[in-house]
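Structure first, then comments.
The values are calculated or read from the model by the stated rules, or taken from the named source; none is laboratory data. These numbers were taken from a predicted model, which means no experiment stands behind them. FYI the Cβ positions are ideal-geometry reconstructions off the backbone, even for glycines, and counts take in every protein chain you see. The protein model used for the area step is the full one, side chains on, heavy atoms only, and it has no ligands, DNA or RNA in it. Shrake-Rupley method; radii C 1.70, N 1.55, O 1.52, S 1.80 Å.
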Amino acid sequence: KWVWEGFLKKCIVTPISSTKFWKDFVVGKFWNTFCIKWIRVGFFKNIVGKKLKFEKWKGWVYLAPAIVLLLIFTVWPIFNTIRMALLEGYNSMGVAGGKHFPFGFGNFVEVIKYKNFLLCLKNTMLLCVLTVPISTILALIISVCLNAIKPFQRLLQTIFFLPYVTNSIAIGMVFAAMFNMVGNNFGGENELIITAGIINNAIEFFGGTAVNWINTGSTYAANIFVMVVYIVWNALPFKILVLLGGLQSVNKQYYDAAKVDSTPKWRVFTKITVPLLSPMLAYVIITGFIGGFKEYSSIIGVFGENMGPPHDPGRLNTVVGMVYDYIEGLNYGIASAGALILFVIILIVTFINLWVSKKKVHY
């Protein structure tokens, strides 16, 4: 009794069974001091830490070729463009020609004073405002239809994606032939043969009058219409691919619930499909505006290097075309300033799109 009541129970059992003992001794002394220190120092630091350090350097070794190429062909040209834009009067000879150019904003002033700067900016903005909404809406409708078609879905996806992997200059030449209406002296000195494209042939077949779309005497509206059709057709494949991938990842339970409630299809489209596709829609709209501000090759493909019909060369010139004009004139400083102005415009439009998408996009 003395041993149990006086010694074992009071000195050993009671203290060990108390919370204070486990908290102070077992947790405080043994776990926090010995176990945690051993796990942290002995295991993670000596074993896992060395492995992670090795894996980190191994990853950098794998990324090194891509990083070197990006530094040479992307990062350095960007910094060099900024440098040339700030060197007033910089030309093809550069500093190596023995002339040192002062720093300033003279090149930016020359870009703004360019006689066709406002025309180039208007063409660029107009093509963006017209083509991005039209191509996005059409891509959304086509992707919804493709998602609902089960037979031949893969084949149709491939057909719609083909323009994306086709050379834009070649496509532009095809569109130029389709909208063509021009006279040629193939029959002799005084004999004029009119060659009409497939579009005018179709218009005349249905009783209409052929339109001069791109040739001498054509109107600005007709030229813009041709470019809008071409750019929209060329932009559809990528947008369809992105939106179709988003549609296929939507949880089918939403559509099943709508079917149970007998929800009309237009309401399913506006209240389920569009909100759930809003992240992809925001992405294709932002990338569409970025691509639209860089339009150049499409106009070259349709109208050639004149950037317009023969009677009005330069009518459809864009900001990118203006930059290339300065490069051809060996005015690299002014061309760099024009590229930076275009970069700032794209940056502002992108920030506006991101700001709007924060309120409209549902993740």
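Considering the stretch 221-333, the qualifying helices (runs of 4 or more DSSP H), each wholly inside and each with 1 or more residues that are basic (Lys, Arg) and touching a helix residue (DSSP H, G or I) at 6+ places or on another chain (Cβ under 9 Å), run over 252-260, 265-268. For the stretch 333-363, the set of residues classified as more than 20 Å from the chain's Cα centre (by Cα) and open to solvent by less than 70 Å² (accessible area, probe 1.4 Å) consists of GLY333, ILE334, ALA335, SER336, ALA337, GLY338, listed by residue number. Is it the case that SER336 is of a type outside the set (A, V, I, L, M, F, W, C), within 17 Å of ARG83 (Cβ to Cβ) and assigned to a helix (DSSP H, G or I)? So SER336 passes the test.
Look through the stretch 306-332, keep the residues that are over 24 Å from ALA177 (Cβ atoms) and of a type in the set (Ser, Thr, Tyr), and return whichever of them is most open to solvent (accessible area, probe 1.4 Å). It comes out as TYR324.
The helices (runs of 4 or more DSSP H) located wholly in the stretch 105-181 that include 3 or more residues which are farther than 25 Å from SER336 by Cβ occupy 117-148, 153-161, 168-178. Can we say VAL61 is in a helix (DSSP H, G or I) and either open to solvent by 80 Å² or more (accessible area, probe 1.4 Å) or modelled with pLDDT under 80 (or both)? Against the criterion (in a helix (DSSP H, G or I) and either open to solvent by 80 Å² or more (accessible area, probe 1.4 Å) or modelled with pLDDT under 80 (or both)), VAL61 qualifies.
Do we have any residue at all in the stretch 268-287 that's on the phi > 0 side of the Ramachandran plot and open to solvent by 20 Å² or more (accessible area, probe 1.4 Å)?
No, because not a single residue in the stretch 268-287 is on the phi > 0 side of the Ramachandran plot and open to solvent by 20 Å² or more (accessible area, probe 1.4 Å).
Take the conditions (1) touching a residue at least 60 places away in the same chain (Cβ under 8 Å); (2) out of contact with any helix residue (DSSP H, G or I) (no Cβ under 7 Å at 6 or more places or on another chain); (3) of a type in the set (Val, Ile, Thr); THR350 misses just one of them, which is (2).
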